[in-house]
Amino acid sequence: MMPDLGKYALWVLSAYGVSIALLATITVLSILQSRRTRRALQAMEAGRKTGQGESARSATPGTVKEAANG
Amino acid sequence: MIALLARDLRLAIRAGGGFGLALAFFLIVVTLTPFAVGPNTATLSLIAPGILWLGALLACLLSLDRIFALDWEDGALDLIATSPLPLEGAAAIKAAAHWLTTGLPLTLAAPVLGVLLNLPPPGFLWLALSLALGTPALSVIGTFGAALTVGVKRGGLLMSLIVLPLYVPTLIFGAEVARRGAEAQAIATPLAALAAISLACVALLPFAAAAALRVNLR
Amino acid sequence: MSLWEYANPTRFMRVTGAALPWLWALTALCLAVGLTWGFFFTPDDFRQGSTVKIIYLHVPSALMGINAWLMMLVTSLIWLIRRHHVSALAAKAAAPVGATFTLIALATGALWGQPMWGTWWEWDPRLTSFLVLFLFYLGYMALWAAIEDPDTAADLTSVLCLVGSVFAILSRYALVFWNQGLHQGASLSLDAEENVHDVFWYPLLVCIAGFVLLFVALVFLRTRTEIRARRIKALETRARMSAA
């Protein structure tokens, strides 16, 4: 199964190793970050809905607008 | 405009930092070089143009964060922005003041320090000329970097990280002129390129710096 | 006034949310097929031996390292002209991805250069300009991280991206000139498009497609994260203001 890499096996394998490790790192980091912010946002919005009742609904478009306007 | 220039120059001289600090730093870098690479005069004269350019560049970097920082803190920058003088003009003046207090003294000092590094005789003229042409670009690029980071507290390190990659082309052509000059080779191409970069930076970057300042003053 | 702006992040979230699973699947497929094909089922080059297999990583990542910066340039321009928030956030999201690709290109370049040129690092204009590009990425990300107000940060990084692009191109030409000045015509670099045989070319194409897809998927994912983070910040501000 393993191809014969000859005398350059070390270089080729380490090139693949380094690249795949870096790609995996950025991917995993992005996914973790995405999960963390999604959970935080969900928790926050759930808290608003239960805690503040009708004021939450009227406030939501405003906050999004605020988010869009900065 | 001239009033602003005169004010900046006066402040720089009175603070004592403008001329003194950058020049002292330049001297120290040049002095430390032989300690790092050994006292062999042949080696030193080989690397002298590059070291002198690098030292001048770093000395230039050292004083950049003061271009806007003090005016930012005491609110003078807001006054400058609301004055009839366009902000682009103010940025250009700031860069000019920085060059007069840093770039020009460095240019004048470089041939003297060249003696310490055993710079070959034909190199002196070209070293001075390349620095005279290149340091305005360094000042203007630095002004842009300072304008970007003026709102950041302790932004000096950040500014270095932003400004140094922008210095690459200027450094390459400037050091190339000095090196070829020292080896008595043809210098027309890098000299023209260096002059082109310098002129383009002086012409265009004040606009970018002013744009960054406007964002920061918003 | 705000309907258009309001609709856009929401629409972006909806569209990318629906597209992401497919994108990930396609990315995985392309990368798996391309890299397996390249690694296991291509012959060795008669001159480079098995190191030719490194191009399946090196060329696509180098390509994406540059393209990521180009994408950031375009999105920065859109932000400066249209004030389109998703655009600014996409530029922010793309920077670490682009920096990673650039780093991979540098690392694989060094690993290829060691057995081929006999040195880890050659101050070849191509390699050096990638190093400079990597420095530009670092400065850009540092500026994003340093400024608190998101709109100020977006504006300043956009300006930096524009100016940086000009200087990156300048550096590229300066480096070509500089290296010529040192040693004449050292054309050792691997010119993939010109001298690569079909046997290497097809798996390379699949790998390039895989890297492009991976980039798009990562940027979508990270932009979604940024939009959510911005929303959290807005909600927090609102909560503080209503509490006060």
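Please find the FRET efficiency linking C:Arg82 to C:Arg240, where r is the Cβ-Cβ separation and R0 is fixed at 35 Å, and quote it to the nearest 0.05.
Numbers: r = 30 Å, r/R0 = 0.86.
The pair C:Arg82/C:Arg240 has a calculated efficiency of 0.70.
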What does the charge add up to near B:Val202, with Lys and Arg as +1, Asp and Glu as -1, over the other residues with Cβ less than 13 Å from its Cβ?
-> 0
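Taking the Cβ of each residue in B:Cys201, C:Cys30 as the centre, tally the other Cβ atoms inside 10 Å and list the residues starting with the fewest. Don't skip to the answer; put the middle values down first.
On the way: B:Cys201 28, C:Cys30 20.
Ordered from fewest to most neighbouring Cβ atoms within 10 Å, B:Cys201, C:Cys30 come out as C:Cys30, B:Cys201.
Near B:Pro190, within a Cβ-to-Cβ distance under 12 Å, what is the net charge of the other residues, with Lys and Arg +1 and Asp and Glu -1? It would help to have the intermediate numbers written out before the result.
Numbers: positive: B:Arg179, B:Arg180; negative: B:Glu176.
So the environment of B:Pro190 carries a net charge of +1.
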Could you calculate the FRET efficiency of C:Tyr173 with B:Leu157 from 1/(1 + (r/R0)^6), where r is the beta carbon distance between them and R0 is 22 Å, rounded to 0.05?
-> 0.15
Suppose R0 equals 51 Å; then what is the FRET efficiency for C:Ala25 and B:Arg218 from their Cβ-Cβ distance, rounded to the nearest 0.05?
-> 0.70
Shape category assigned to the stretch B:2-217 from the gyration tensor of Cα positions, a/c cut at 1.5 = prolate
Against the longest principal axis of chain C, how steep is helix C:125-146, in degrees 0 to 90 to the nearest 10, with axes from Cα atoms?
-> 20
Given a cut-off of 33 Å, what percent of all Cα-Cα pairs of chain C lie beyond it?
-> 29
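What translational diffusion coefficient, to the nearest whole µm²/s, does the protein assembly as shown have by Stokes-Einstein, given a Kirkwood radius computed over alpha-carbon pairs, a temperature of 10 °C and 1.306 mPa s viscosity?
62
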Using a basic spin-label model with each label point 7 Å from the Cα along Cα→Cβ, how many nm lie between C:Ala145 and B:Ala3?
-> 4.4
Lysine pair number, Cα distance threshold 18 Å (strictly under), the protein assembly as shown, separation 8 or more or different chains = 4
How far, in degrees from 0 to 90, does helix C:85-117 lean away from the longest principal axis of the Cα atoms of chain C, to the nearest 10?
-> 20
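Which longest uninterrupted range of chain C lacks any chymotrypsin sites (Phe, Trp or Tyr not before Pro) assigned by DSSP to a loop state (not H, G, I, E or B) and surrounded by at most 14 other Cβ atoms within 10 Å? Present the calculation step by step, with values, prior to reporting the outcome.
Values: sites that count: C:Phe41, C:Phe46, C:Trp120, C:Trp121, C:Trp123.
Maximal segment without exposed cleavage sites: C:124-244.
Rule-based calculations on the coordinates, nothing more; no lab input. Source: prediction; values computed, not measured. Glycine also receives a Cβ, built like all others from the backbone with ideal geometry; neighbour counts cover every protein chain displayed.
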